[in-house]
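Undergrad: Got a structure here, written out as structure tokens. Questions coming.
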Amino acid sequence: MLPIIKNIYFIHIMKEEVRLMKGNEAVAHAAILYGCDGYFGYPITPQSEVLETLEALMPWETTGMVVLQAESEVAAINMVYGGAASGKAVMTSSSSPGISLKQEGISYIAGSELPALILNVMRGGPGLGTIQPSQADYFQATKGGGHGDYRLIVLSPSSVQEMVDFVGLGFDLSFKYRTPAMILADGIVGQMMEKVVLPPQRPRRTDEEIRRQCPWATTGRNGERKRNVVTSLELESSRMEIINHRLQARYREIERNETRWEEIGVEDADYLIVAFGSIARICAKAMEMAEEKGIKAGIIRPITLWPFPKEAVEKAARGKKGILCVELNAGQMIEDVRLAVHDSLPVEHYGRLGGIIPSPQEIVDALEEKLINNIP
Amino acid sequence: MKEEIIIAGFGGQGVLSMGKILAYSGLMDDKEVTWMPSYGPEQRGGTANVTVILSDERISSPVLDTYDIVVALNQQSLDKFSPRVKKGGILIYDTSGIHKLPERNDITIYPVNAMEATMEIGHPKAYNMVVMGALLEAMPYKLPMENVVKGLEKSLPERHHALIPVNRQAIEKGRTLLGS
């Protein structure tokens, strides 16, 4: 049953289907429509519209979703930890420096085997850096930004529509595997406006449904079962090793089942471009421009950055003359690409740093300079 | 159909909102659209620009090297973007404050005095809609006015819907400027 709708703006929003939205706004809508129980965040450019839009939509009056501006990023992620421990669908969002602050909490959530959704709308670093788009948090997101042997399911959206879709997908996967999921977006997808189709409103789960879906959650035991303890602490190392093995087994299962990617014109191509997020779209334009010059390039876009689609990249690279990794960083994903292809062909990197976005022509030039003119 | 457009000017001229109304109008006409605000370091120097793409097909890059149409509202933007109009493309610029004219003879150039026209209609805040009128008139893709009005309705918060007639008037005024 849908909750009673008191908020006029919300009714206005709900009756339309196709809309123009910024990626950040779209995430806010998608969270409410998914039936998310709580959002805890702290403003930072370029993702402040997530919190702003949630505040404007006032979902606490409609679905009952909690929206809270915490006193800091650290507080926000620990509120997520608490909400997740009680089986709620909770999320936070931030941008690079704020995500660094959240790493301790993320490691605890992973160690406690809890579901949660974290959005990082990356900006240029290191440090406070710039507010312009970047992809320099690839290592942090995919290799475990906090301490300990853990992984996040990392989804990389390249359009506003995917910002919407990955909220639902991220929550679903994170509950399925009791592992936190991250949407690793860049400032471009966060700030650009595109057409989106929003999903229908899903009701938030009832307490009864949460008890059934999350028997591990701290939902109140009513004297009926043993108490559930949610912790990442286990001082007995032999038991801690068992927990680690359990996590690793789950990560292997995620690798087997949840690897996602997109291919554009790979089969007939001589060269392969690997790019993620919005940059893959700039590469798609570059690919068209290169074709006019008689250069045949194909693109493989990892959608899950972890698990990385290594078999797909290896397969796509077969018979190619070389690979160009285009990233808004100094060369991070390229390491996964080189591992995937076992360095069996030349793998080059082209990147812009500190918030600069490459134009399609720059990518064509890089392709010619780094691969075509260099390979005999 | 595909129109790759950049609108560039000073912050406060309504560049981003004009782009938004244009994008929304395209959306109302069943086009694929992207709206990409300026992300260059120049934004801090007081200039703002927005790339709007309207297309029948799925749009790849929201970031471009060259454009079908450039709308330049100050000298800096004119200098920067007039070389980036595609051959055979269109350049529209506001003549007020321009001292160095564009040097291209392979494109169609429309100098428009949008600032003066805005003063004539007596609604200084509708400047961007006067410019939009000129753009709509010059653009090979003819966006039906009814969808532009729908775009306005979608872009403006409801409390500002009373201003739609003024915006419409400004657009109509802008449409008359190309020949002048």
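The values are calculated or read from the model by the stated rules, or taken from the named source; none is laboratory data. Everything numeric in this text was worked out from a predicted model, so none of it was measured. Note that each Cβ is placed from the backbone with ideal geometry, even for glycine, and that neighbours are counted across all protein chains shown. With ligands, DNA and RNA removed, areas are computed over all heavy atoms of the protein, side chains included. Shrake-Rupley method; radii C 1.70, N 1.55, O 1.52, S 1.80 Å.
Undergrad: All but one of (1) within 14 Å of chain B (Cβ to nearest Cβ); (2) modelled with pLDDT of 95 or more; (3) open to solvent by less than 50 Å² (accessible area, probe 1.4 Å) hold for residue A:361; which doesn't?
TA: For residue A:361, the failing item is (3).
Undergrad: Hey, does segment B:2-13 have a residue that's open to solvent by 10 Å² or more (accessible area, probe 1.4 Å) and aliphatic (A, V, I, L, M)?
TA: No, segment B:2-13 contains no residue that is open to solvent by 10 Å² or more (accessible area, probe 1.4 Å) and aliphatic (A, V, I, L, M).
Undergrad: Taking strands (runs of 3 or more DSSP E) that fall entirely within segment B:16-90, which contain at least 1 residues that are facing chain A (nearest Cβ under 10 Å)?
TA: On the way: elements: B:32-37, B:47-55, B:67-72.
Ranges flagged: B:32-37, B:47-55.
Undergrad: If you don't mind, another one. Counting residues that are within 14 Å of another protein chain (Cβ to nearest Cβ), which helices (runs of 4 or more DSSP H) fully inside segment A:200-307 reach at least 3?
TA: Counting at least 3 such residues, we get A:278-292.
Undergrad: Is there any pair with a first residue in segment B:59-81 that is touching a residue at least 12 places away in the same chain (Cβ under 8 Å) and a second that is in a loop (DSSP other than H, G, I, E, B) and aromatic (Phe, Trp, Tyr) whose Cβ atoms are under 9 Å apart and which are 6 or more apart or on different chains, and what are they?
TA: These pairs meet every condition: B:63/B:39.
Let's see how each residue does on (1) of a type in the set (Lys, Arg); (2) in a loop (DSSP other than H, G, I, E, B); (3) assigned by TED's automatic domain parsing to the domain that holds residue A:137:
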position: A:331; (1), (2), (3): no, yes, no
position: A:335; (1), (2), (3): no, no, no
position: A:338; (1), (2), (3): yes, no, no
position: A:350; (1), (2), (3): no, no, no
position: A:355; (1), (2), (3): no, yes, no
position: A:361; (1), (2), (3): no, no, no
position: A:364; (1), (2), (3): no, no, no
position: A:368; (1), (2), (3): no, no, no
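Undergrad: Exactly one of (1) open to solvent by 30 Å² or more (accessible area, probe 1.4 Å); (2) part of a helix (DSSP H, G or I); (3) modelled with pLDDT of 95 or more is unmet by residue B:161. Its number?
TA: That leaves (3) as the condition not met.
Undergrad: From the list A:131, A:109, exactly one residue is within 14 Å of another protein chain (Cβ to nearest Cβ), in contact with a Pro (Cβ under 7 Å, 6 or more places away or on another chain) and either over 18 Å from residue A:329 (Cβ atoms) or modelled with pLDDT under 95 (or both). Which is it?
TA: Selected residue: A:131, the only one of A:131, A:109 that is within 14 Å of another protein chain (Cβ to nearest Cβ), in contact with a Pro (Cβ under 7 Å, 6 or more places away or on another chain) and either over 18 Å from residue A:329 (Cβ atoms) or modelled with pLDDT under 95 (or both).
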